[in-house]
Amino acid sequence: MVQRLVQTQEQKLIQQQRLTQQQMLQVRLLEMPLAELEQSVQAEIDDNPALETTPSEDTDLSESSEPDTAESYEESIEREERADALDTALQNMGGDDEMPEPESNKYYTSSAELEEITYGDQRSFYDQLKEQMRETELTAHQQDIMEYLIGSLDSDGLLRKPLDTIADELAIFHSMDVSEKEVEEILTLLQGFDPAGIGARSLKECLLLQIERRPDTPIRRWMLEVITHYFKEFMNKQWSRINEHLNLSDELLNQVQTEILKLNPKPGSSMGETEGRNLQQITPDFVVDTNDDGTISFYINKGRVPDLYVSPSFSNLLKGYQENKQSMSRQDKQALLYAREKVERAKGYIDAVKQRRHTLYITMKTIIDLQRQFFLEGDENDLKPMVLKDIAERTGLDISTVSRVCNSKYAQTRWGIFRLRHFFSESVKTESGEEMSTRKLKAVLHEMISSEDPKKPLNDDQLAREMKNQGYAIARRTVAKYREQLGIPIARFRKTN
């Protein structure tokens, strides 16, 4: 039988969900960090004459301004309806993969660009330490050693390499004959730099360096006693066992505990990033305040973003044209279209900025509610398992919307500046059936390896048994996976003579 190709035409009715230009603008503004939003707002002000930053006497503040006080009931209902429409559109489209490209790239910044661009202080972590180094009286030989030590610090501002390894590297790569004792002397000078705790070789030494800089008080002496002699009990939060030896009153013990928890386990976090392409400090989008009475408050950093208003002159011009619509000339009609386009665009932009602030607020509030213990004490072991879905369910937002908020935003807390993604972690079920945060397990594993005997490092089986002894019953393969994610080599490569 002879086969033939036949062309036919048929009609199909297909319903597709696509984002409007206003919804795409809301999405783009939501993705932007603060400094980029400032640039976007300024560009829109320069481009749209109907958008103003200073209200006049004729400006209707109820429609165009962005008040700091609570919005009216009608405004909140309208805002929630717009947010629901956007979330529904994103959900029906299947998430970010089906996001249509806008007609122009004015409001568009790719996720790759967001990761590459960091705004704020242009001095890197290393530059700030080198500035302090230049203010210290050192010989050229000592400066070379200190500069190498600064370059060996990790992202927390700690020195993880053994001193004998650094001495060997200086000899091999820089032809410098340096003894381990000389390296230690320079390291002691580096540990005197700001912030306190920089250059420490372990968490214990980091805390001790910070305590030693405090004024000599009874609280300081008890803090030294706890960290020096009862560090393991402190890490396991066994304060009752510590007090069996110290025999302090409940009030004094609480004071010692509170002051220790104020110490920063990552002194490098306050000086910007030390790894990757971005070495600048960032501008936080949220500022979280933890009060001594246990209350937590926060506000959204507005930066240099001004309050926006629709120009009353444009509004009056538009109103005048509409009243005389019947007797308008062709030129007047073109002016009417121009004025209407600019006013609608200004209103849309103002609404998108308001919607962004509303979404940021409810997202950050939910994160604080879920991770309240961390914001109170700053202990990463207190971070609960939390994923984007948990925030989405509590706020009523779509997961893709929550993801956009958390990808490029930072929060300034009492314990340092953190990317919002820092507060998220998967949960793992231990052999006892208990759910624990992967971040907590990694922190315990990292500290265990850091405090091991470098001449007899623990293999994965031994680490799994030690984790189980401390109450974290996980399998050996899980230990191996977390060790690799932390960038820690196997035992035989960690061994030193």
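Quick notes on this one:
- Residue within region 439-448 that is open to solvent by less than 60 Å² (accessible area, probe 1.4 Å), outside any helix (DSSP H, G or I) and out of contact with any Ser or Thr (no Cβ under 6 Å at 6 or more places or on another chain) present: no
- Within region 381-412, the set of residues being farther than 21 Å from Ile282 by Cα, of a type outside the set (A, V, I, L, M) and part of a helix (DSSP H, G or I) comprises Asn381, Asp382, Lys389, Asp390, Glu393, Arg394, Thr395, Ser400, Thr401.
- The set of residues in region 455-479 being in a helix (DSSP H, G or I) and surrounded by 12 or more Cβ atoms within 10 Å (Cβ to Cβ) consists of Asp460, Asp461, Gln462, Leu463, Ala464, Arg465, Glu466, Met467, Lys468, Arg476, Thr478, Val479.
- On the stretch given as region 18-58, residues that are at pLDDT below 85 and open to solvent by 90 Å² or more (accessible area, probe 1.4 Å) total 5.
Here's the yes/no breakdown for (1) open to solvent by 70 Å² or more (accessible area, probe 1.4 Å); (2) modelled with pLDDT of 85 or more; (3) among the small types (Gly, Ala, Ser); (4) under 30 Å from Met32 (Cβ atoms):
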{"residue": "Glu113", "(1), (2), (3), (4)": "yes, no, no, yes"}
{"residue": "Leu129", "(1), (2), (3), (4)": "no, yes, no, no"}
{"residue": "Thr136", "(1), (2), (3), (4)": "no, yes, no, no"}
{"residue": "Ser155", "(1), (2), (3), (4)": "no, no, yes, yes"}
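- Members of region 480-497 that are aromatic (Phe, Trp, Tyr) and either within 30 Å of the chain's Cα centre (by Cα) or not in a helix (DSSP H, G or I) (or both): Tyr482
- Thr438 among the polar types (S, T, N, Q), under 24 Å from Lys384 (Cβ atoms) and either modelled with pLDDT of 85 or more or in contact with an Asp or Glu (Cβ under 6 Å, 6 or more places away or on another chain) (or both): yes
- Looking across region 292-314 at every residue that is without any contact (Cβ under 8 Å) to a residue 60 or more places away in the chain and open to solvent by 60 Å² or more (accessible area, probe 1.4 Å), the one that is nearest to Ile45 (Cα to Cα) is identified as Ser313.
- Within this structure, Leu360 passes the test of being among the aliphatic types (A, V, I, L, M), assigned to a helix (DSSP H, G or I) and open to solvent by less than 40 Å² (accessible area, probe 1.4 Å).
- The set of residues from region 131-187 being of a type in the set (A, V, I, L, M, F, W, C) and touching a residue at least 60 places away in the same chain (Cβ under 8 Å) comprises Met133, Leu153, Leu158.
- Residue in region 329-338 that is of a type outside the set (A, V, I, L, M, F, W, C) and either closer than 18 Å to Gln26 by Cα or crowded, with 19+ Cβ neighbours inside 10 Å (or both) present: no
The values are calculated or read from the model by the stated rules, or taken from the named source; none is laboratory data. Bear in mind the structure is a predicted one, so any value in this text is a computation, not a measurement. Reconstructed Cβ throughout: ideal geometry from the backbone, glycine too, with neighbour counts over all protein chains shown. Protein only, heavy atoms only, side chains kept; ligands, DNA and RNA dropped before computing areas. Shrake-Rupley method; radii C 1.70, N 1.55, O 1.52, S 1.80 Å.
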